[in-house]
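Asks: Take this structure first; my questions come after.
The values are calculated or read from the model by the stated rules, or taken from the named source; none is laboratory data. Bear in mind the structure is a predicted one, so any value in this text is a computation, not a measurement. So basically every Cβ, Gly included, is an ideal-geometry build from the backbone, and we count neighbours across all protein chains shown. Surface accessibility is based on the protein's heavy atoms, side chains included, excluding ligands, DNA and RNA. Shrake-Rupley method; radii C 1.70, N 1.55, O 1.52, S 1.80 Å.
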Amino acid sequence: MLIRTQNNGHQHLVASEITPPQDYLRRREWLQQLALGAGGVALAGWAARDARAQMARPPGKLAPLPGAKSAVSGASTMEAVSSYEDASTYNNYYEFGTDKSDPAAAAKSLKPRPWTVSVEGLVKAPKTFGLDDLLRLSPMEERIYRLRCVEGWSMVIPWVGYSLAELIKRVEPLGSAKYVEFVTLADKAQMPGLRSGVLDWPYVEGLRLDEAMHPLTLLAFGMYGEVLPNQNGAPLRLVVPWKYGFKSGKSLVKIRFTDKEPRTAWNVAAAQEYGFYSNVNPDVAHPRWSQATERRIGEGQGLFAKRRKTLMFNGYEPQVGQLYAGMDLRKYF
Ligand code: MTE
């Protein structure tokens, strides 16, 4: 994000953007089928859909964690799900390095068990939850959210978890609680990236209490029907789908209720670039680039990359627009 490289840091090739020879050959077979007439066209269509479903599936090396279809409005999109390979190899997790491929390579050293999360601050019932308590706290749901990174790329990911509100209700916030701070793991023994001074560790994020209580705000434990891979924030992370991806802290260890706006890692690093709200907004440019369009990972790259229009609040405006009624979103970016 802050890092500038020759290619601006966000144009690395990912697996799905290189056509493997078998796909190239399959495409030729489809073309032959097309020549056979309408039956061939239908067959090719089925084959393509089947290939997409195959790509989205995880290799099955992690524990299964299925979720029931979510009843939360706006919890699913009709857009094609990104491949598991892209979602688990093109990551931002600076505690494991700043290249997109670093977390998948380095996060093997993260130990997601045993794990505890301390929920504290302005609450009536502070508590340290063990991972198993959290896994049992509320039924798991599957939610297919768009994830829009501030760098200008996006993916569509089927997360598994439940609304953060379920946990918040258990600790009974006091009337004076206005904000929630999320602190993520910073352990030098497990995280080689902490040696770099790129951010002021630990990685901290924050939300207003009403944002944290919104049903779309997800406490995620899994994706693609399995527990989270380490590089995606095992064993639990936040997913706030209407905000830029950096608001969704990975590998949470502390949730603290406060009366003051929390200082967040990216805001401390570059206040003029990363505001506290960081709602996805195509009309408010980042100081160094426009936010009007985005590249969906898996849809080509370079000159031929298809660009999609970025949607206000990442497409979740009907659900969350009211939270910001009357606010100047240029000032509160
Ligand atoms: N959480 C921690 N602890 N450290 C990080 O570097 N990166 C953020 C966010 N959460 C980050 C983090 C950014 S910039 C993005 S875009 C998303 O995680 C990426 O999530 P993904 O790799 O699962 O797609």
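Asks: Looking only at residues that are more than 27 Å from Glu141 (Cα to Cα) and aliphatic (A, V, I, L, M) in the stretch 181-201, which one is modelled with the lowest pLDDT?
Replies: That would be Val198.
Asks: Do you know which residues across the stretch 173-210 are among the charged types (D, E, K, R) and either more than 16 Å from the ligand (Cβ to nearest atom) or not in a helix (DSSP H, G or I) (or both)? Write out each step before concluding.
Replies: Narrowing the stretch 173-210 to residues among the charged types (D, E, K, R): 178, 181, 187-188, 195, 200, 205, 208, 210.
Within the stretch 173-210, Lys178, Glu181, Asp187, Lys188, Asp200, Glu205, Arg208, Asp210 qualify.
Here is a yes/no grid of residues against (1) in contact with a helix residue (DSSP H, G or I) (Cβ under 7 Å, 6 or more places away or on another chain); (2) of a type in the set (S, T, N, Q); (3) at pLDDT 95 or above; (4) more than 30 Å from Ser290 (Cα to Cα):
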residue: Asp133; (1), (2), (3), (4): no, no, yes, yes
residue: Leu137; (1), (2), (3), (4): yes, no, yes, yes
residue: Glu142; (1), (2), (3), (4): no, no, yes, yes
residue: Arg148; (1), (2), (3), (4): yes, no, yes, no
residue: Ile157; (1), (2), (3), (4): yes, no, yes, no
residue: Ser163; (1), (2), (3), (4): no, yes, yes, yes
residue: Leu174; (1), (2), (3), (4): no, no, yes, yes
residue: Tyr179; (1), (2), (3), (4): yes, no, yes, no
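Asks: Turning to a different aspect of this structure: Is at least one residue of the stretch 304-324 small (Gly, Ala, Ser), touching a residue at least 12 places away in the same chain (Cβ under 8 Å) and either in a strand (DSSP E or B) or within 16 Å of the ligand (Cβ to nearest atom) (or both)?
Replies: Within the stretch 304-324, none of the residues are small (Gly, Ala, Ser), touching a residue at least 12 places away in the same chain (Cβ under 8 Å) and either in a strand (DSSP E or B) or within 16 Å of the ligand (Cβ to nearest atom) (or both).
Asks: Got a number for residues in the stretch 82-112 being under 21 Å from Glu142 (Cβ atoms) and either among the aromatic types (Phe, Trp, Tyr) or open to solvent by less than 50 Å² (accessible area, probe 1.4 Å) (or both)?
Replies: So the answer is 8.
Asks: While we're on this one: Does Tyr203 qualify as being among the hydroxyl-bearing types (Ser, Thr, Tyr), closer than 23 Å to Tyr274 by Cβ and open to solvent by 10 Å² or more (accessible area, probe 1.4 Å)?
Replies: Working: among the hydroxyl-bearing types (Ser, Thr, Tyr): yes; closer than 23 Å to Tyr274 by Cβ: yes; open to solvent by 10 Å² or more (accessible area, probe 1.4 Å): yes.
The answer is yes for Tyr203.
Asks: For the stretch 182-197, give me the residue count where each residue is open to solvent by 50 Å² or more (accessible area, probe 1.4 Å) and in contact with a Lys or Arg (Cβ under 8 Å, 6 or more places away or on another chain).
Replies: 2
Asks: Then there is this: For Ala165, which of the numbered conditions (1) part of a helix (DSSP H, G or I); (2) more than 16 Å from the ligand (Cβ to nearest atom); (3) farther than 23 Å from Gly67 by Cβ fails to hold?
Replies: Here Ala165 clears every test but (3).
Asks: Would you be able to tell me the number of residues in the stretch 268-303 that are in a loop (DSSP other than H, G, I, E, B), more than 20 Å from the chain's Cα centre (by Cα) and more than 20 Å from Tyr203 (Cβ to Cβ)?
Replies: 8
Asks: Now a separate question. Please state which of the following conditions Lys124 fails to meet, knowing it meets all the rest: (1) exposed (fewer than 14 other Cβ atoms within 10 Å of the Cβ); (2) more than 22 Å from Tyr94 (Cβ to Cβ); (3) within 16 Å of the ligand (Cβ to nearest atom).
Replies: (3)
Asks: Provide a single number: the residues in the stretch 243-270 that are touching a strand residue (DSSP E or B) at 6+ places or on another chain (Cβ under 7 Å) and either open to solvent by less than 10 Å² (accessible area, probe 1.4 Å) or within 14 Å of the ligand (Cβ to nearest atom) (or both).
Replies: Counting residues in the stretch 243-270 that are touching a strand residue (DSSP E or B) at 6+ places or on another chain (Cβ under 7 Å) and either open to solvent by less than 10 Å² (accessible area, probe 1.4 Å) or within 14 Å of the ligand (Cβ to nearest atom) (or both) gives 15.
Asks: Determine whether Leu134 is more than 15 Å from the ligand (Cβ to nearest atom), touching a Phe, Trp or Tyr at 6+ places or on another chain (Cβ under 9 Å) and open to solvent by less than 10 Å² (accessible area, probe 1.4 Å).
Replies: Answer is yes for this residue.
Asks: Could you list, in sequence order, the residues of the stretch 137-162 that are away from the ligand (no atom under 16 Å from the Cβ) and among the hydrophobic types (A, V, I, L, M, F, W, C)?
Replies: Leu137, Met140 - these are the residues of the stretch 137-162 that are away from the ligand (no atom under 16 Å from the Cβ) and among the hydrophobic types (A, V, I, L, M, F, W, C).
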